[in-house]
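A.B. asks: Please see the structure below; I have some questions.
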Amino acid sequence: MHGEVTVSGSKNATLPIMAAALLTEEPCVIRRVPNLSDTRFMARILESLGAKTKFELGTLMVHARKIRGYADYELVRKMRGSICITGPLLGRLKQARVSLPGGCVIGARPINLHLKGFEALGAKIKIEGGYIDATAKPLAGTAMFLGGRAGSTVLGTANVMMAATLAEGVTVIESAACEPEVVDLAKFLTAMGAKISGAGSPTVTITGVEQLHGAEHEVIPDRIEAATFAIAAAATNGEVTLKGARADHSRAVLDKLKETGVSVQPRGGDLIIRRGKKLNSADVTTLPYPGFPTDVQAQMMSLLALAPGISIITERIFESRFMHVSELARLGADIQIEGPSAIVKGGQPLSGAPVMASDLRASAALVIAGLAAKGATQVNRIYHLDRGYEGMDAKLRNLGARIQRVKET
Ligand code: EPZ
């Protein structure tokens, strides 16, 4: 693959930022919003709460003048990320009745830390009929530790941070998630009049205010999409320029790519990715930011399946995020799972086959492996892909990939 690709806005920054618009009666304008099934879905959830939304050419207007605090199971179950409306509803209305999110193939994904944070702020939480029933009169700022089994929680930090913006007094979140998406949310909340310091560090301090006002914000570029295209370029022995990719958001990934022999060259606000003479094997362990992101684990596995030698990939965030292993094996990859690790014996030539996507990032990994495999690969259930990648097939075609959307048989 050769050429340039523009990185879209970040899905995982956009979703909590859309929810944050519920914290004010005034209109909010959010730019560089990716056109994805997940963002369109979040807009539907906001409308079900009474907000008005308008989406045009990457710009989303949300006006939550009058809202209710009840979010239905039928909506929430379809997208786990929607749990982050709970904090804003609790912050603004001092009550929220939100369905518990359903199951997820990559892990149990409990929300105990979200609820722990709300209770620390004085909320009374009841779980009844599959719903979270939260009331707080008033929400009171306090210090809390939000670390869990796998370390910090991204949406848990976002949820509690949003509720705390309208709490009385000061809230200190210890073991807060440091992801760039949390920093971007804090930037938007600050533009709305919130008082937040320390976002991006494990200690975030929020001084509650009476009310928030409308604001405008441009979402950060999607570091996971950028990493996915960088890996696709390396897997196809190509040279691709990632327009608008933020190297400072992807140090762990770029560092690992260099280790595998891929050259990463910043130029202006872009990144040029070029595969070196040969690919090297490498070990990868997923960790909370700034560690190697779990959302790039599957794509990296596709690349390491091409690299001669043994690579060990250890998943420390989600307990069952190896659904792509058996599908990569269908393309001829040699990968054994041992507990939290996958042992990749790389360098086997891959050959095309029909495969099944199980989740968003697994589907991206299968597309990358299909691009590197001999012959044709058919990736089924690509609705997973459309949840998190804006026009991925068109972007890949622009880079010279032979890829087409076909009706599933
Ligand atoms: C966010 O999910 C992302 N989703 C995920 O991206 C990403 O994989 C994840 O962060 C980790 O980076 C969005 O931002 C919409 P967590 P989140 O709470 O916030 C455990 C993608 O592909 N945990 O940081 O739900 C949890 O089970 C998606 O775009 C608790 O135990 O993830 C996991 O093991 C997939 N209790 C770990 O913490 C809690 O209350 C990290 O989860 C919350 C989490």
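A.B. asks: Could you identify the single residue in 245, 191, 199 that is in contact (Cβ under 8 Å) with a residue 40 or more places away in the chain and under 23 Å from the mean Cα position of the chain (by Cα)?
C.D. replies: Of the residues listed, the single one that is in contact (Cβ under 8 Å) with a residue 40 or more places away in the chain and under 23 Å from the mean Cα position of the chain (by Cα) is 245.
A.B. asks: Identify, please: which residue in region 212-237 is in contact (Cβ under 8 Å) with a residue 60 or more places away in the chain and touching a Leu at 6+ places or on another chain (Cβ under 7 Å) and is, among those, most open to solvent (accessible area, probe 1.4 Å)?
C.D. replies: 236
A.B. asks: So which residues in region 65-100 are assigned to a loop (DSSP other than H, G, I, E, B) and under 24 Å from the mean Cα position of the chain (by Cα)?
C.D. replies: 72, 77, 78, 79, 100
One line per residue, one yes/no per condition, for (1) β-branched (Val, Ile, Thr); (2) not in a helix (DSSP H, G or I):
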{"residue": "137", "(1), (2)": "no, yes"}
{"residue": "160", "(1), (2)": "yes, no"}
{"residue": "172", "(1), (2)": "yes, yes"}
{"residue": "178", "(1), (2)": "no, yes"}
{"residue": "181", "(1), (2)": "no, no"}
{"residue": "189", "(1), (2)": "no, no"}
{"residue": "193", "(1), (2)": "no, yes"}
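A.B. asks: Just to be sure before I move on: is residue 60 within 20 Å of residue 163 (Cα to Cα) and either in contact with a His (Cβ under 7 Å, 6 or more places away or on another chain) or surrounded by 23 or more Cβ atoms within 10 Å (Cβ to Cβ) (or both) in the structure I sent?
C.D. replies: no
A.B. asks: While we're looking at this one, here's another question. Restricting attention to region 106-135, which residues are within 12 Å of the ligand (Cβ to nearest atom), open to solvent by 70 Å² or more (accessible area, probe 1.4 Å) and in a loop (DSSP other than H, G, I, E, B)?
C.D. replies: 108, 109, 110, listed by residue number.
A.B. asks: Separate question: Name the residue that is farthest from residue 342 (Cα to Cα), counting only residues in region 263-318 that are part of a loop (DSSP other than H, G, I, E, B) and modelled with pLDDT under 95.
C.D. replies: In this case the residue turns out to be 268.
A.B. asks: Still on this structure, I have one more. Got at least one residue in region 287-299 being open to solvent by 50 Å² or more (accessible area, probe 1.4 Å) and in contact with a strand residue (DSSP E or B) (Cβ under 9 Å, 6 or more places away or on another chain)?
C.D. replies: Among the residues of region 287-299, at least one is open to solvent by 50 Å² or more (accessible area, probe 1.4 Å) and in contact with a strand residue (DSSP E or B) (Cβ under 9 Å, 6 or more places away or on another chain), which makes the answer yes.
A.B. asks: With 153, 171 as the choices, which residue is touching a helix residue (DSSP H, G or I) at 6+ places or on another chain (Cβ under 9 Å), among the polar types (S, T, N, Q) and within 16 Å of the ligand (Cβ to nearest atom)?
C.D. replies: So the residue among 153, 171 that is touching a helix residue (DSSP H, G or I) at 6+ places or on another chain (Cβ under 9 Å), among the polar types (S, T, N, Q) and within 16 Å of the ligand (Cβ to nearest atom) is 153.
A.B. asks: Here are some conditions: (1) open to solvent by 10 Å² or more (accessible area, probe 1.4 Å); (2) more than 12 Å from the ligand (Cβ to nearest atom); (3) in contact (Cβ under 8 Å) with a residue 40 or more places away in the chain. Residue 81 meets all but one. Which one does it not meet?
C.D. replies: (2)
A.B. asks: Go through (1) within 27 Å of residue 249 (Cα to Cα); (2) surrounded by 16 or more Cβ atoms within 10 Å (Cβ to Cβ); (3) not polar (S, T, N, Q) one by one and return the number of the condition residue 149 breaks.
C.D. replies: Result: residue 149 passes all but (2).
A.B. asks: Follow-up question, since we're still on this one. Restricted to region 25-44, and to residues that are surrounded by 23 or more Cβ atoms within 10 Å (Cβ to Cβ) and over 22 Å from residue 245 (Cα atoms), which residue is nearest to the ligand (Cβ to nearest atom)?
C.D. replies: My answer is 42.
A.B. asks: State the number of residues belonging to region 339-381 that are more than 16 Å from the ligand (Cβ to nearest atom) and in contact (Cβ under 8 Å) with a residue 60 or more places away in the chain.
C.D. replies: Of the residues in that region, 5 qualify.
For (1) over 24 Å from the mean Cα position of the chain (by Cα); (2) within 30 Å of residue 43 (Cα to Cα); (3) open to solvent by 20 Å² or more (accessible area, probe 1.4 Å), each residue gets a yes or a no:
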{"site": "354", "(1), (2), (3)": "yes, no, yes"}
{"site": "362", "(1), (2), (3)": "no, yes, no"}
{"site": "371", "(1), (2), (3)": "no, no, yes"}
{"site": "389", "(1), (2), (3)": "no, yes, no"}
{"site": "393", "(1), (2), (3)": "no, yes, yes"}
{"site": "401", "(1), (2), (3)": "yes, no, no"}
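A.B. asks: A further question on this structure: From the residues in region 174-188 that are free of Cβ contacts under 8 Å to residues at least 40 places away in the same chain and either charged (D, E, K, R) or open to solvent by 10 Å² or more (accessible area, probe 1.4 Å) (or both), which one is nearest to the ligand (Cβ to nearest atom)?
C.D. replies: The extreme case among them is 175.
A.B. asks: Right, next: Restricting to region 253-269, what's the tally of residues that are touching a strand residue (DSSP E or B) at 6+ places or on another chain (Cβ under 8 Å) and surrounded by 17 or more Cβ atoms within 10 Å (Cβ to Cβ)?
C.D. replies: Of the residues in that region, 6 qualify.
A.B. asks: Can you pull out the helices (runs of 4 or more DSSP H) entirely within region 321-409 that have at least 1 residues that are at pLDDT 95 or above and within 28 Å of residue 243 (Cα to Cα)?
C.D. replies: Those helices (runs of 4 or more DSSP H) span 360-372, 383-386, 392-398.
The values are calculated or read from the model by the stated rules, or taken from the named source; none is laboratory data. In this text the structure is predicted, and so the values were computed from the model without any measurement. So basically every Cβ, Gly included, is an ideal-geometry build from the backbone, and we count neighbours across all protein chains shown. Just so you know, the surface numbers come from the protein's heavy atoms only, side chains and all, with ligands and any DNA or RNA stripped out. Shrake-Rupley method; radii C 1.70, N 1.55, O 1.52, S 1.80 Å.
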